[in-house]
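Structure first, then comments.
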Amino acid sequence: MGRVKKSTRKFESKHLTRTLDDRKSKKKVKQAFILREKKKAKRSAKEDDEDEDGEEGDEPKAKKQKPDGPQIFEDMSVEQFFAGGFEVPEPAALATKGGKRKREETKKKPAVQEDADVEGAAADGEDEEEDGDELEQHKGDLSALAENDPEFYKYLKENDPELLDFSMAEKDDLSEIDSLSDDEEDETVGKKKKKAKKAKKEDESDEVTMAHVKKWKEALVDKKSLRSLRQVVLAFRAAAHVNDSEVNNAEGGFKYTITNPDVYHELLILALSDVPAVLQHHIPIKESASGKIRVATDTKKYRTLTPLLKSHSQSLMHLLPLLTDAGTQKLLLNSTLELVPYFLSFRKFLKTFLKTIIEVWSTNSVDEATRITAFLVVRKAAVIGDEGIKETCIKALYAGLVKASRQTSVHTIHGINLMKNSAAEIVGLQGMDKVGYQAGFASIRQLAVHLRNSITNNSKESYKTVYNWQYVHSLDFWSRVLAMHCDGLKEAQAGKESPLRPLIYPLVQVTLGAIRLIPTASYFPLRFFLIRSLLRLSLSTGAYIPLAPLIFEVLSSGEIKKKPKPSTLKPVDFSVTIRVPKSYLRTRIYQDGIAEQIVELFAEFYVLYSKSIAFPELSIPTIVLVKRFVKKSRNAKFNSALHLLITKLEANAKFIQEKRQAVDFAPGRRAGVDAFLKETEWENTPLGAYVVSQRKVREERRRLLEEALKEEQEKRQKDKLAQQEVDEDSDDVFMSDDGEESGDDDDEIDGMSEDDE
């Protein structure tokens, strides 16, 4: 084999890869160009068929003709085609009449027309996802072509502007709906022509008036008219982009414009209320006996209405984040709830739209009713969607929860709990066992990795990846998920254990590790928060979790044993606190708060086993240790609460001892042990009655606190408004022309800062 030249080696090392990539990209552009021309030929053939007078046996001329593009350059190789420096044949030299007619039609097209707003959709009934991917690839290819071969790009721009006009190509073609509407109406040809002329006259009017809205509403409600549906969808799209100056000022813009606020409001109500009903009439949603929902996507009517669905769905997604009125937001979400089955065909769009809806669900400033409606939309998508949609729903909900929980306060905790409870419901829905388990396993594993890194890392800031609200709420969320779906009663009704039950052990281990990561007094609130989370899990699942030692550690800490100092600080709200400032340490107010938490958590832990046959033995360590603490403690209030707790524990132990004296089975008989006091309600035990009364006291105290916070917030709002009025009055006095009011001290005015003004 001969020796390779130096220039060849240099070319291979520096330019060969780029040259091959350029050739591949140009080849893709040519293929896209040819495919585009073939589609045009098909569309032209279809138009010729419609132009014929219905004569059978006459073959359309367009079918015999080849597309324009391939005929011009069919004798050239790929390298010659993209080499540049050739003369492009004039349109008059084209061999086919179809090419002439097509170019003449292109020149005769008006700059702004209704169908141009939505041209380029799947008018031939092709698959939506394939077209979407092809369009994205087509965009990328032409962008590369503009840089690599500007001459050919210029040729395309001059001879086929539609190929490059993405503002038109991305919009949906709704023109076929008129013909479909005409086919459904049993009327004479003369009436059809009259209606067509009337519709054309209406289309020339761009300004939407109240008369238009009323007429459309009558047609939608009474006749389920597809033509009116099309007009409403076009007008609604313009309404959704009414504040989008870039779109409105773009060449072409939208067909309709809305300037009257009343018309805008009525149009929104019409589109959101009646469009789903009309779609349901023409494309009914069928539900099988197993509860699965199906839409007949293989019909001609569905293929024709697909562009309309795309346009309307995009308008809904664009408008939702812009709405601020709670009522309108809820109306839009209710409308979307009915349209979810139709959106299943648009997987890529649906996943994006679900994330937009979850943004509303996870925003604390949004009205609670609106957030619940948003959740119902996501829930329906998770129920009727496939595994990919279900996974998207769970991941997006979890991400939204984590993001929203960053800022936790007395004002946001209610909304965060609402998100945790609603998202927990979706994880264990029927048919989501596999997806829910995978999501839970991955999340708990990630939490464990963060905990391990915090333990092994010696830096001072490493603990912050664990000791923050997002981490704590994540642990609490998964405890709610397992408590909700691993409940013993639900499993007994289903006849099998929940597939999520194997996640209980790793979650408990991670939570216990997080509690003991930093056992200082500043993070006692975090410890109490996570202990409550584990109490909930133990109550629902029946899993025994040794929580008493975690409470003993607080009871034996120096924060409780040492004499406190007086303080005027506000009491700590342990429900929205995971760390207290240093100013609270060793203060009377903080010590009293910890004492209340200890008594409450001891009672809540032991009431879980108030009917257990082993309660006397289980309660002995706590009774002994608490009695020792009371003897040494000088906090009379705390000692009194602990003494009452010990009394109830001893009474409950005595109650169990009396009941188990009558049993006739050994401890080894598991069935007998489980059936012990099964018919007795836990509220009827001595400890249970005590816990019920304490819960009522705490609930009343919490209610009073919430009312006080609400009154304080309203008072602040009133003071703020009053201050604004005072500032406005002072500004009016300052800006008046009367020198007696404003004063003549120019030096003082010049010295004022912008903040003072």
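Counting only other residues whose beta carbon sits under 14 Å from that of G558, what net charge do I get with K and R as +1, D and E as -1? Within the 14 Å Cβ shell, the charges total +4. Think of each Lys and Arg Cβ as +1 and each Asp and Glu Cβ as -1; about the Cα centre, that makes the dipole of the stretch 297-353 roughly 320 debye.
What is the magnitude of the charge dipole of the stretch 442-519 about its Cα centre, with +1 placed on the Cβ of each Lys and Arg, -1 on the Cβ of each Asp and Glu, and no other charges, expressed in debye to the nearest 20? Could the numbers behind the result be given before it?
Values: 9 positive and 5 negative charges, 37 e Å.
With only Lys, Arg, Asp and Glu charged at Cβ, the dipole is about 180 debye.
With 0.36 nm allotted per residue and the present C-alpha distance subtracted, the Q661-E553 stretch has 35.4 nm of extension available. Accessible surface comparison of Y544, Y463, probe 1.4 Å, protein chains only, largest first: the order is Y544, Y463. For the pair R588 and H281 in one chain, pulling the backbone fully straight at 0.36 nm per residue adds 103.6 nm over the alpha carbon distance.
A simple count of charges around A708, restricted to other residues whose Cβ falls under 14 Å of its Cβ and scoring Lys, Arg +1 and Asp, Glu -1, yields 0. One chain, two ends: Q509 and E711. Fully extended at 0.36 nm per residue, the span grows by 68.5 nm beyond their Cα-Cα distance. For the stretch 540-667, the solvent-accessible area of protein heavy atoms averages 53 Å² per residue (probe radius 1.4 Å; ligands and nucleic acids excluded). Amide H to amide H, with H built 1.01 Å from N, T587 comes under 5 Å of K565, counting only residues 5 or more places away or on other chains.
With coordinates expressed along the principal axes, the C-alpha atoms belonging to the stretch 263-321 extend over 41, 24, 21 Å, beginning with the largest. The lysine pair tally for the stretch 431-585, using Cα distances under 29 Å and a gap of 8 or more places or different chains, is 16. Whole-Hz Karplus ³J(HN,Hα) for the stretch 570-578, in order, using 6.51 cos²θ - 1.76 cosθ + 1.60 and θ = phi - 60°, x for Gly and Pro? Here the 3J(HN,Hα) series is 6, x, 7, 8, 5, 6, 10, 9, 10 Hz. For the stretch 296-419, what class follows from the C-alpha gyration tensor (a ≥ b ≥ c being the square roots of its eigenvalues): rounded when a/c is under 1.5, otherwise prolate if a/b is larger than b/c, else oblate? The shape class here is prolate. Taking amide H as placed 1.01 Å from N in the peptide plane, the amide H of I285 sits under 5 Å from none that are at least 5 places away or on another chain. With the Kirkwood sum run over all distinct C-alpha pairs, the stretch 561-650 has a hydrodynamic radius of 14.6 Å. Calculated accessible area for the stretch 310-437 comes out at 39 Å² per residue, all protein chains present (probe 1.4 Å; ligands, DNA, RNA ignored).
The values are calculated or read from the model by the stated rules, or taken from the named source; none is laboratory data. Small disclaimer: the values here were computed from a predicted structure and weren't measured. As a convention, Cβ positions derive from the backbone with ideal geometry for all residues, glycine included, and neighbour counts pool all protein chains shown. Just the protein is used for accessible areas: all its heavy atoms, side chains included, with ligands, DNA and RNA removed. Shrake-Rupley method; radii C 1.70, N 1.55, O 1.52, S 1.80 Å.
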